[in-house]
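Down below is the structure, laid out as structure tokens.
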Amino acid sequence: MIAVANKINVAIVEDDDDIRASLEEIVGSSGELNCVASFPNAEELIAAFKYLVIDVVIMDINLPGKDGIKTVAELKPLKPKVQYLMCTSYEEPEKTFESLCAGATGYILKNTSPEKLFEGVREIYNGGSPMSPQIARMVVSSFGQKQKVSEAFESLTTREKEILQYLAQGFQYKEIADKLFLSVETIRTYVRHVYEKLQVHSRTEALNKVFPK
């Protein structure tokens, strides 16, 4: 397959044979889109990438081997104008967030209708960020949660942040006290203030909130 000048040139990356064939058929049935290439995994796309003339990649997130998120992160700097429309059957806000951070600019579910897929490709090609309503809500929620955590962390004093970093490294109160030339009771007081500001009740909760995996 070759690129067509007056059409939006699309590549597809999907490991499920039936879904990939369906996506090829949907893209091929549009007068505006042209399916340039189709791949069952990220590795084959990466190998062919420099030879492809494409505008949009419909990218599955959950792939065997290298996943869609890592693939976008690797390829986006090579051809910044290529847009990535992430496509998955799972509603996973964390993966959505990671995809956008990696350089993707749109996100749809695999059960999206052909019309919605056409709209998504056109929108992303024209500078938009298509998302299904449920995904958009999750992304907004995800950004909101991260913003709250960031604000909570920034509310800590320099000393409180320092102590939290030591806790993250596994140090006990006595060890932290020795490092900072403070009493163990003073460290306990600082930690209590940290818990209050972060609205948590334990070291584990505090670390999970500020340093999510």
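Kindly indicate the residue of the range 54-65 that is buried (at least 17 other Cβ atoms within 10 Å of the Cβ) and over 14 Å from the mean Cα position of the chain (by Cα) and also modelled with the lowest pLDDT among those meeting that condition. Spell out the reasoning first.
As a first pass, look at the range 54-65 and keep what is buried (at least 17 other Cβ atoms within 10 Å of the Cβ): 54-61, 63.
Next, from what is left, pick out any that are over 14 Å from the mean Cα position of the chain (by Cα): 54-58, 63.
Working: I54: 96, D55: 96, V56: 96, V57: 97, I58: 96, L63: 92.
Top of the filtered list is L63.
Filter the range 74-93 down to the residues that are of a type in the set (S, T, N, Q) and either at pLDDT below 90 or assigned to a loop (DSSP other than H, G, I, E, B) (or both), then identify the one that is nearest to A42 (Cα to Cα).
Here is the first cut: in the range 74-93, the residues of a type in the set (S, T, N, Q) are 83, 88-89.
Cutting the leftovers down to either at pLDDT below 90 or assigned to a loop (DSSP other than H, G, I, E, B) (or both) gives us 88-89.
On the way: T88: 14, S89: 17 Å.
Checking each candidate, the answer is T88.
Run down T96, T71 and say which single residue is in the same structural domain as R20 (by TED's automatic domain parsing), at pLDDT 90 or above, part of a helix (DSSP H, G or I) and not small (G, A, S). Show your work before the answer.
Numbers: T96 fails: at pLDDT 90 or above.
Step by step, each of T96, T71 is checked, and only T71 is in the same structural domain as R20 (by TED's automatic domain parsing), at pLDDT 90 or above, part of a helix (DSSP H, G or I) and not small (G, A, S).
Mind listing whichever residues of the range 21-53 are within 22 Å of the chain's Cα centre (by Cα) and either in a helix (DSSP H, G or I) or crowded, with 21+ Cβ neighbours inside 10 Å (or both)?
Of the residues in the range 21-53, the ones within 22 Å of the chain's Cα centre (by Cα) are 39-46, 49.
Selection gives F39, A42, E43, E44, L45, I46, F49.
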- Item | Neighbours by Cβ (under 8 Å, 6+ apart or cross-chain): first from the range 184-197, touching a residue at least 40 places away in the same chain (Cβ under 8 Å); second of a type outside the set (V, I, T) | K197/A152; K197/S155; K197/L156; K197/E160
- Query: How many residues are more than 13 Å from M131 (Cα to Cα) and surrounded by 21 or more Cβ atoms within 10 Å (Cβ to Cβ) if we restrict to the range 66-94?
  - Reply: 6
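With respect to I8, is the statement that it is out of contact with any Cys (no Cβ under 7 Å at 6 or more places or on another chain), in contact (Cβ under 8 Å) with a residue 60 or more places away in the chain and buried (at least 18 other Cβ atoms within 10 Å of the Cβ) true? Step through it out loud before you land on a result.
Working: out of contact with any Cys (no Cβ under 7 Å at 6 or more places or on another chain): yes; in contact (Cβ under 8 Å) with a residue 60 or more places away in the chain: yes; buried (at least 18 other Cβ atoms within 10 Å of the Cβ): yes.
Spelling it out, I8 is indeed out of contact with any Cys (no Cβ under 7 Å at 6 or more places or on another chain), in contact (Cβ under 8 Å) with a residue 60 or more places away in the chain and buried (at least 18 other Cβ atoms within 10 Å of the Cβ).
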- Note on the structure: Within the range 185-213, residues in contact with an Asp or Glu (Cβ under 9 Å, 6 or more places away or on another chain) and over 30 Å from E98 (Cα atoms) come out as Y190, V191, H193
- Within the range 190-213, of all residues that are of a type outside the set (D, E, K, R), surrounded by fewer than 16 Cβ atoms within 10 Å (Cβ to Cβ) and under 27 Å from the mean Cα position of the chain (by Cα), the one modelled with the lowest pLDDT is P212
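Report the residue count in the range 111-126 for those that are touching a residue at least 12 places away in the same chain (Cβ under 8 Å), closer than 17 Å to L33 by Cβ and in a loop (DSSP other than H, G, I, E, B).
Applying the first criterion (touching a residue at least 12 places away in the same chain (Cβ under 8 Å)) to the range 111-126 yields 111-112, 114, 116-118, 120-125.
Keeping just the survivors that are closer than 17 Å to L33 by Cβ gives 112, 114, 116-118, 120-125.
After this cut, where a residue has to be in a loop (DSSP other than H, G, I, E, B) as well, the list is 112.
Of the residues in the range 111-126, 1 are touching a residue at least 12 places away in the same chain (Cβ under 8 Å), closer than 17 Å to L33 by Cβ and in a loop (DSSP other than H, G, I, E, B).
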- Residues of the range 24-58 satisfying the condition of being touching a residue at least 40 places away in the same chain (Cβ under 8 Å) and either over 20 Å from G120 (Cα atoms) or of a type in the set (A, V, I, L, M, F, W, C) (or both): I26, V27, L33, L52, V53, I54, V56, V57, I58
- Task: Determine if the range 132-142 includes at least one residue that is in contact with a strand residue (DSSP E or B) (Cβ under 8 Å, 6 or more places away or on another chain), surrounded by 14 or more Cβ atoms within 10 Å (Cβ to Cβ) and either outside any loop (DSSP other than H, G, I, E, B) or modelled with pLDDT of 80 or more (or both).
- Result: yes
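The values are calculated or read from the model by the stated rules, or taken from the named source; none is laboratory data. Note that the coordinates shown come from a computational prediction; the quantities given were computed from them, not determined experimentally. A quick note on method: Cβ atoms are made from the backbone with ideal geometry, for glycine too, and the neighbour counts reach across all protein chains shown.
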